[in-house]
1. Out of the strands (runs of 3 or more DSSP E) lying entirely within segment 1-75, which hold 2 or more residues that are closer than 19 Å to Asn191 by Cα?
2. Would you check if there is a residue in segment 109-131 being in contact with a His (Cβ under 9 Å, 6 or more places away or on another chain), surrounded by fewer than 21 Cβ atoms within 10 Å (Cβ to Cβ) and assigned to a helix (DSSP H, G or I)?
3. Pull out all pairs, ordered by first then second residue, where Cβ-Cβ is under 6 Å, the residues are six or more apart or on different chains, the first lies in segment 117-137 and is under 17 Å from Met86 (Cβ atoms), and the second is open to solvent by 10 Å² or more (accessible area, probe 1.4 Å) and of a type outside the set (A, V, I, L, M, F, W, C).
4. Check Val170 against each of (1) assigned to a strand (DSSP E or B); (2) open to solvent by 30 Å² or more (accessible area, probe 1.4 Å) and name the one condition it does not meet.
5. Being aliphatic (A, V, I, L, M) and assigned to a helix (DSSP H, G or I) is the filter; apply it to segment 173-198 and report the residue that is nearest to Thr114 (Cα to Cα).
6. How do the pairs read when you match residues in segment 203-229 that are farther than 25 Å from Thr65 by Cβ and outside any loop (DSSP other than H, G, I, E, B) with residues anywhere that are of a type outside the set (D, E, K, R) and open to solvent by less than 10 Å² (accessible area, probe 1.4 Å), using Cβ under 9 Å and keeping only pairs 6 or more apart or on different chains?
7. Going by the structure shown, is Asp301 touching a Phe, Trp or Tyr at 6+ places or on another chain (Cβ under 9 Å), of a type in the set (Asp, Glu) and closer than 29 Å to Gln200 by Cβ?
8. Just for segment 44-62: of the residues that are over 17 Å from the mean Cα position of the chain (by Cα), touching a residue at least 24 places away in the same chain (Cβ under 8 Å) and closer than 20 Å to Thr209 by Cβ, which one is most open to solvent (accessible area, probe 1.4 Å)?
Amino acid sequence: MGFFDFLTEEIAIDLGTANTLIIHNDKVVVDSPSIVARDRISGKIIAVGKEANMMQGKTHENIKTIRPLKDGVIADFDASEQMISMFIKNIPALKKKLFTPALRMVVCIPSGITEVEMRAVKESCERVNGKEVYLIHEPMAAAIGIGIDIMQPKGNMIVDIGGGTTEIAVIALGGIVCDKSVKVAGDVFTNDIIYYMRTQHNLYVGDRTAEKIKIQIGAATEDLDLPPEEMSVQGRDLLTGKPKQVQISYREIAKALDKSILRIEDSVMETLSQTPPELAADIYNTGIYLAGGGSMLRGLDKRLSQKTDLPVYIAEDPLRAVVRGTGITLKNLPKFKSVLIK
């Protein structure tokens, strides 16, 4: 192994429905939307990540934008492989290499994933020259990234709200005691906003605009301490067919997202109700940790806290908590061997 070690590069990947992040040498070197643009005629990938994201909803018939991951799992095997491969080729430190190095990788996967979906992730990575591929469950990676010592005989509850799935898990002794994976997350929030704009304002908006609304004025509850300003939204009027603009307040978005957030609340409650009593006692003291982009929704922590009567903490830099945890695992592979899935 000695000689090959010198040729092996280590990378940690958070392959997300909305964003893909890669850590190499303790630095986040890739942080891009998980989207590719493909030329229909030649079948070549013409753009990936941020560039492809700009094209979304603005393409003609010869260009197709694809999001290779849906609900946290690979939906388009071919596109996902090309996407991972392009991202890895874009890592500055690996560009200088004469030939592609063998890779030792740790990749995170949703906890509610099937055997077949797991193999798809693994094969995708092996085909981009991954010689050793380890998988880790997302809530686990998030817990490590938040800074929890997961090996302790102490219960911790993680709620990771990503783009495709919300992962809820109670973790103790380096393992997941009870978990729930729901397909209500960032993408569903975005679709809720599109639907609300259509039905309440007769305004047809695209994915990117809805995403922008969510980030700028999105809220989980109507009583916020620091409410955001109203936002003007442009789209197509469904009655006249003309482009038009409306003013939207955060209260409306809170209404639009209410049902989906209820589903997340219920899943959290269900997971709590399945938690063994000793761990429930721990969680009463430690509270709930939120990670993932969805945790940045204004007032969500407050709302969950009111529902569960527990303190709710948002991870610092929640978008990167999972990839940070994956990176830490990669650095201390022997210590975390039990956590990883080979």
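The values are calculated or read from the model by the stated rules, or taken from the named source; none is laboratory data. Since the structure is predicted, the reported quantities are computational estimates derived from the model, not experimental observations. Note that each Cβ is placed from the backbone with ideal geometry, even for glycine, and that neighbours are counted across all protein chains shown. Accessible surface is based on the protein model in full, side chains and every heavy atom, while ligands, DNA and RNA are left aside. Shrake-Rupley method; radii C 1.70, N 1.55, O 1.52, S 1.80 Å.
1. Numbers: elements: 8-15, 19-24, 27-33, 36-39, 45-48, 63-66.
Passing ranges, in order: 63-66.
2. Within segment 109-131, none of the residues are in contact with a His (Cβ under 9 Å, 6 or more places away or on another chain), surrounded by fewer than 21 Cβ atoms within 10 Å (Cβ to Cβ) and assigned to a helix (DSSP H, G or I).
3. Sorted first by the residue in segment 117-137, then by its partner, the pairs are Ser124/Glu81; Arg127/Glu81; Val128/Ser85; Asn129/Thr100.
4. (2)
5. To start, the set of residues in segment 173-198 that are aliphatic (A, V, I, L, M) comprises 173, 176-177, 182, 184-185, 188, 193-194, 197.
Adding the requirement that they be assigned to a helix (DSSP H, G or I) leaves 188, 193-194, 197.
Working: Val188: 21, Ile193: 30, Ile194: 30, Met197: 35 Å.
In this case the residue turns out to be Val188.
6. Ile217/Ile248; Ile217/Ile253; Ala219/Ile253; Ala219/Ala254; Ala219/Leu257; Ala219/Leu300
7. Working: touching a Phe, Trp or Tyr at 6+ places or on another chain (Cβ under 9 Å): yes; of a type in the set (Asp, Glu): yes; closer than 29 Å to Gln200 by Cβ: yes.
Criteria met by Asp301.
8. Narrowing segment 44-62 to residues over 17 Å from the mean Cα position of the chain (by Cα): 44-48, 51-52, 54-62.
Those left that are additionally touching a residue at least 24 places away in the same chain (Cβ under 8 Å): 45, 48, 56-57.
Now restrict to residues that are closer than 20 Å to Thr209 by Cβ: 56-57.
Numbers: Gln56: 35, Gly57: 77 Å².
Checked segment 44-62; the qualifying residue most open to solvent (accessible area, probe 1.4 Å) is Gly57.
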